[in-house]
1. Can you find a residue in region 514-533 that is in contact with a Ser or Thr (Cβ under 9 Å, 6 or more places away or on another chain), more than 23 Å from VAL411 (Cβ to Cβ) and not charged (D, E, K, R)?
2. Which of the residues belonging to region 44-72 are of a type in the set (A, V, I, L, M) and either buried (at least 19 other Cβ atoms within 10 Å of the Cβ) or more than 22 Å from ASP28 (Cβ to Cβ) (or both)?
3. If I go through region 117-138 residue by residue, how many of them are surrounded by fewer than 20 Cβ atoms within 10 Å (Cβ to Cβ) and over 15 Å from PHE182 (Cα atoms)?
4. For region 84-97, give me each residue that is in a helix (DSSP H, G or I) and either surrounded by fewer than 16 Cβ atoms within 10 Å (Cβ to Cβ) or polar (S, T, N, Q) (or both).
5. Of everything in region 519-530, what is crowded, with 16+ Cβ neighbours inside 10 Å and of a type in the set (A, V, I, L, M, F, W, C)? Give them in sequence order.
6. Name the residues in region 159-207 that are within 30 Å of the chain's Cα centre (by Cα), of a type in the set (D, E, K, R) and farther than 22 Å from TRP372 by Cα, would you?
7. Name the single residue that is surrounded by the fewest Cβ atoms within 10 Å (Cβ to Cβ) among those in region 398-416 being at pLDDT 95 or above and of a type in the set (Lys, Arg).
Amino acid sequence: MPHTNQVIKFALLLALAVAAMNAQTPFDTLVDRYFDDYFRLNPTAATAAGFHKPYDAQLDDYSPSSMQARISLDRKYLAEFENQPPSDDRDLMLSRLKGDLLDIQQIRMYEVNPDFYSSGITASIFTLMSRNFAPPEERLRDVIAREQKASQVFQTAKQNLKNPPKIYTEVALEQLPGLQSFFAEDVPQAFSAVKDPQLLADFKQSNNGVIQCLKDYETWVKTDLLPRSNGDFRIGADAFQKKVMYDEMVDVPLDRLLAIGFENLHANQQHLLELCKKIDPAKTPEQIVAGFEKDYPPPDKLLDTFRNTFSGLIDFINAHHIIGMPSTTRPILEETPPFMRALTTASMDTPGPYEKVATEAYFNVTLPEKNWPPERVHEFMTAFSRGTITSTAIHEAYPGHFVQLMWFQKVSSKARKLVQSNSNVEGWAHYTEQMMLDEGYGSGDPELRVGQLLDALLRNCRYIVGIQMHTGKMSYEQGIDFFMKEGYMSHDYAERETKRGTSDPTYLVYTLGKLEILKLRADYKAKMGSNYSLEGFHNAFIQQGGVPIKLIRHALLGDDSPTL
């Protein structure tokens with residue numbers, strides 16, 4: 001039997017070994033400190049990420065003093081991260097901080113976009129009601145606490161908003177009736193299980209207060225702000241170049257970036273032209289597209305139509321070894337929340353990376369409004385043809401965003417869990433639309449390929465319109481015309497997309513990321529030779545998390561070769 005001192009010594013060594021394994025590096029500790037400080041200033045982001053107490057009862061503050069505090073925070077941590085040893089995660093944090101400073105100091109959306117405040121408050125409440133991460137009574141108390149702070153946010157809005165672009169003010173006015181309906185109907189319905197009389201009385205008072213604030217804000221926006229909304233939505237070439245560099249780690253000059261966009265637009269248009277000739281050589285592409293666009297389900301069957309695509313997509317992915325599937329859980333189909341309907345037709349709402357209880361993912365689809373005339377309903381529903389529904393289901397769910405979510409939950413790095421690049425996340429989802437059909441999904445159905453190409457042209461148009469509008473080379477009206485002519489889109493759809501581009505300048509990320517992934521796949525295949533497999537590439541790619549593709553190239557190829 002070992003001597004008692006030897007046992008104690010062994011136990012001590014074992015404890016030290018375990019402690020060493022669990023000990024954080026100075027970099028990890030710095031990441032923790034940064035996000036602790038960041039979430040204190042951005043409580044809605046904390047709730048969305050899955051960090052709840054004490055943030056859930058707090059509301060974001062956009063006052064000048066708070067914005068200055070954010071600038072000071074970013075500068076402080078920028079200096080600290082710059083002193084860390086070089087690593088991909090260090091570069092990721094540096095880019096995030098520089099991008100945040102650019103948004104606050106130069107782009108300054110909080111000074112020009114009235115929807116920033118009204119939809120921001122709505123989104124903050126939505127994070128508390130959309131997921132059952134705590135008992136409804138507890139979440140309702142936090143809703144009340146946030147709602148009680150809403151009036152101050154609207155006061156701040158009136159102080160901050162300087163000279164908004166007219167289009168921003170018009171979008172805010174378009175959104176506001178839906179936001180009021182959201183608080184009047186959806187929020188109470190979400191907490192219908194609560195029976196505590198005092199809690200319900202407090203909620204009624206705070207909720208009615210928010211509705212009144214929204215009504216007063218709508219009046220102010222319409223009568224005061226709209227007449228003096230003469231600002232320019234364009235962020236300019238300098239800010240655009242920096243935003244792509246910091247958010248996506250892409251340093252390609254804008255003229256070359258634009259040329260790449262046009263090259264891909266023309267390639268997809270040529271592919272569509274050749275396909276249409278095979279379908280019916282007597283018809284123009286516009287006529288064939290118009291015919292396919294009529295092939296949409298009744299609006300009240302739209303959610304079911306999307307849901308019915310899931311089994312076929314999953315079976316194909318498994319049978320053809322497209323990518324590993326970490327879970328059999330499926331997303332929940334539901335109508336897009338009101339504060340998102342003006343600018344999006346479909347989206348995936350995934351749980352935060354640190355959400356441990358309410359881990360459902362929601363596939364949101366925007367339905368036509370019930371009070372629209374038939375002509376507008378028809379024009380709206382052309383965005384949901386059979387081919388486009390398939391492409392959208394691939395993009396949002398299998399193997400797009402929803403599969404990404406399942407993989408990202410396995411990432412261990414906190415920096416990679418909380419900092420994501422849109423050219424990765426949206427680029428992956430867009431890449432899968434083409435990849436799945438290339439691999440044989442749909443057995444060559446021409447309508448599915450037309451749908452995929454139309455979605456590709458939509459993203460091509462976003463890419464080009466975003467750069468051109470924000471660098472002063474294209475007007476808003478020219479943007480609408482470009483979507484209609486080059487993307488074969490209806491006026492209603494084209495206007496919606498152009499509106500989005502005014503406040504989302506870098507929505508080029510879909511095509512940008514897709515092209516980066518295609519180049520990386522080709523380079524990785526050349527490196528791996530006979531050891532290459534599509535599933536192996538996809539698994540290796542997605543396990544890196546949602547970081548800019550430059551960092552994934554570095555991990556998979558071991559070099560800093562160009563991403564485009």
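The values are calculated or read from the model by the stated rules, or taken from the named source; none is laboratory data. Keep in mind that what you see is a predicted model, and the values were worked out from it rather than measured. So basically every Cβ, Gly included, is an ideal-geometry build from the backbone, and we count neighbours across all protein chains shown.
1. There is at least one residue in region 514-533 that is in contact with a Ser or Thr (Cβ under 9 Å, 6 or more places away or on another chain), more than 23 Å from VAL411 (Cβ to Cβ) and not charged (D, E, K, R).
2. Narrowing region 44-72 to residues of a type in the set (A, V, I, L, M): 45-46, 48-49, 57, 59, 67, 69, 71.
ALA46, ALA48, ALA49, ALA57, LEU59, MET67, ALA69, ILE71, listed by residue number.
3. Looking only at that region, the number is 6.
4. Matches in region 84-97: SER95 only.
5. LEU520
6. Residues satisfying the conditions are LYS162, LYS166.
7. Only one residue tops the list, namely LYS414.
For (1) assigned by TED's automatic domain parsing to the domain that holds LEU273; (2) within 27 Å of TYR246 (Cβ to Cβ), each residue gets a yes or a no:
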residue: ILE480; (1), (2): yes, no
residue: TYR488; (1), (2): yes, no
residue: ASP504; (1), (2): yes, yes
residue: PRO548; (1), (2): no, yes
residue: ALA555; (1), (2): no, yes
residue: THR563; (1), (2): no, yes
